[in-house]
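A.B. asks: Take this structure first; my questions come after.
The values are calculated or read from the model by the stated rules, or taken from the named source; none is laboratory data. This one's a predicted model, so the numbers in the text were calculated from it and none came from an experiment. Note: ideal-geometry Cβ built from the backbone for every residue, glycine included; neighbour counts use all protein chains shown.
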Amino acid sequence: MNVLLCVSSGIAIYKTVDLASRLRKMGHDLKVVMTPKAAELVSPSVFSAVGGCPVYVDEEDVKDGWIAHTEISRWADVLVVAPATANTIAKIAHGFADNILTLTVLAYNKKEKILVPTMNARMYENPIFLENLEKLKNAGWFVVEPEEGHLACGEVGKGRYPDNEKIVEAIHVLTTPKKLFGKKVLVTAGPTRERIDDVRFITNASSGKMGYALATVAKRMGARVCLISGPTHLAPPHFVDEFVRVESADEMYQEVMKRFEDVDLVIMNAAVGDYKPKERFQGKLKKDSPELTLHLVRTRDILRELGERKTKQVLVGFAAEVENFEENARKKILEKNLDFIVVNDARKTLGSETAEVWVFGREGLLERIEEGDKISVAHRVLDLVVASLGGER
Ligand code: CTP
């Protein structure tokens, strides 16, 4: 994809150098335009070397009939202004064209455009600035909001340059076909914890990565996404609409049931604990006997209950199997009244960075998805599911 990085003179500009590097590593073709002031902060040759790309600073850059701002804006599939200073934002909002960046932005007429405002917190709260920002949002700009924290001026507040990972994700959100547009998707992820006493619990090795990948990709595909997650070490995926943390199977049950009626698709990826201690001890159990027997009772099977209650909802279950994939998949689809089941090989999947899965529908095996990173696998799983939601495949 052709990515046009437009750099204005925010002090966070050094972080944008890393963004250029990431975009290059991802295989994008890059071009950079910089305001003259930005070029005083970081030499254009740094961007050129790191991004492996041409950098344009001079608005008079007309060579042999080649007019930089019109050619570059035509070339780009997606345009990112980062960092975007209050001054540059004001100029864009009012149609100014007084340097190569503003000229190029004015000449760009596609809808894939991202703004990364970074500045002092008081500037960020200024109503004039907010009016300009609102104007750009209404004009279709995707704004990656700044973070709160320590600012270069020594103050603390909103205005920090966000993680480059978030900007990269914004590019995915803007450029992925919207196969789930208008759909509401509920994803569960991670393990659950069933408390024995105040400091001990029973859990499993699920990392949550597959569920987080599914939520991320559903968002990219245009769905409204709620992710309900058991305890994991992962940060909430960028841009999901609702993120709910739970601990136990019972809590997950409550949170899923609250939302079920209103959603179109449920993906139960969580490794919900099947058993929980019959009683929870207060405080910390003392080791005052040579043996300890824990009585476990079954948790409620959330997916089974969803299968009983479902009306319009499409249900996707996950299963970890070691043998008889097809037979077990068929059985679970029927028993739990599912539309799809995604089977993992239990011996290698939990906690891994990659996945290899078998997707079954009610008629049998739909596809064996080759081992790949979890985002790619999530993409393929959702592509298969989309067809059943009345979208394109
Ligand atoms: N599930 C659930 N509630 C539970 C247990 C499981 O909703 N209390 C869901 C999981 O999220 C998953 C599917 O059911 O989507 C897993 O089905 P299950 O029959 O538990 O399969 P396995 O975990 O593979 O267990 P088993 O060893 O019984 O085959």
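A.B. asks: Determine which member of the set G273, G364, G283 is in the same structural domain as F260 (by TED's automatic domain parsing), in contact (Cβ under 8 Å) with a residue 60 or more places away in the chain and on the phi > 0 side of the Ramachandran plot.
C.D. replies: Criteria check complete, one pass: G283.
A.B. asks: Which pairs turn up if I take residues in region 246-261 that are outside the structural domain of G208 (by TED's automatic domain parsing) and within 13 Å of the ligand (Cβ to nearest atom) and look for partners that are part of a loop (DSSP other than H, G, I, E, B) and among the aromatic types (F, W, Y) with beta carbon separation below 8 Å, at least 6 apart in sequence or on another chain?
C.D. replies: That search, which allows pairs on different chains as well, returns nothing.
A.B. asks: What number of residues within region 204-226 satisfy the criterion of being part of a helix (DSSP H, G or I) and of a type outside the set (G, A, S)?
C.D. replies: Residues in region 204-226 being part of a helix (DSSP H, G or I) and of a type outside the set (G, A, S): 8 in total.
A.B. asks: Of the residues that sit in region 293-338 and are more than 19 Å from M257 (Cβ to Cβ) and in a loop (DSSP other than H, G, I, E, B), which one is farthest from the ligand (Cβ to nearest atom)?
C.D. replies: So the residue we want is T293.
A.B. asks: Could you tell me whether region 239-247 includes any residue that is of a type in the set (D, E), in a helix (DSSP H, G or I) and closer than 23 Å to G351 by Cα?
C.D. replies: No, the conditions are met nowhere in region 239-247.
A.B. asks: Answer with yes or no whether H172 is out of contact with any helix residue (DSSP H, G or I) (no Cβ under 6 Å at 6 or more places or on another chain) and surrounded by fewer than 21 Cβ atoms within 10 Å (Cβ to Cβ).
C.D. replies: For H172, the condition - out of contact with any helix residue (DSSP H, G or I) (no Cβ under 6 Å at 6 or more places or on another chain) and surrounded by fewer than 21 Cβ atoms within 10 Å (Cβ to Cβ) - is not met.
Every residue, every condition in (1) among the β-branched types (V, I, T); (2) loosely packed, with under 15 Cβ neighbours inside 10 Å, yes or no:
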| site | (1), (2) |
| --- | --- |
| D339 | no, no |
| V343 | yes, no |
| G351 | no, yes |
| W358 | no, no |
| R362 | no, yes |
| D373 | no, yes |
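Quick grid of which residues meet (1) within 21 Å of L41 (Cα to Cα); (2) hydrophobic (A, V, I, L, M, F, W, C); (3) touching a helix residue (DSSP H, G or I) at 6+ places or on another chain (Cβ under 8 Å):
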| residue | (1), (2), (3) |
| --- | --- |
| I114 | no, yes, yes |
| M123 | yes, yes, yes |
| L133 | no, yes, yes |
| N138 | no, no, no |
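A.B. asks: Sticking with this one: Restricting to region 5-54, what's the tally of residues that are within 24 Å of the chain's Cα centre (by Cα), in a loop (DSSP other than H, G, I, E, B) and crowded, with 16+ Cβ neighbours inside 10 Å?
C.D. replies: So the answer is 2.
A.B. asks: Here is a list: V272, V266, V256, V246. Which entry is of a type in the set (V, I, T), buried (at least 17 other Cβ atoms within 10 Å of the Cβ) and under 19 Å from the mean Cα position of the chain (by Cα)?
C.D. replies: The match here is V266.
A.B. asks: Can you name the strands (runs of 3 or more DSSP E) wholly within region 112-202 that have at least 1 residues being among the β-branched types (V, I, T)?
C.D. replies: 113-117, 156-160, 184-189
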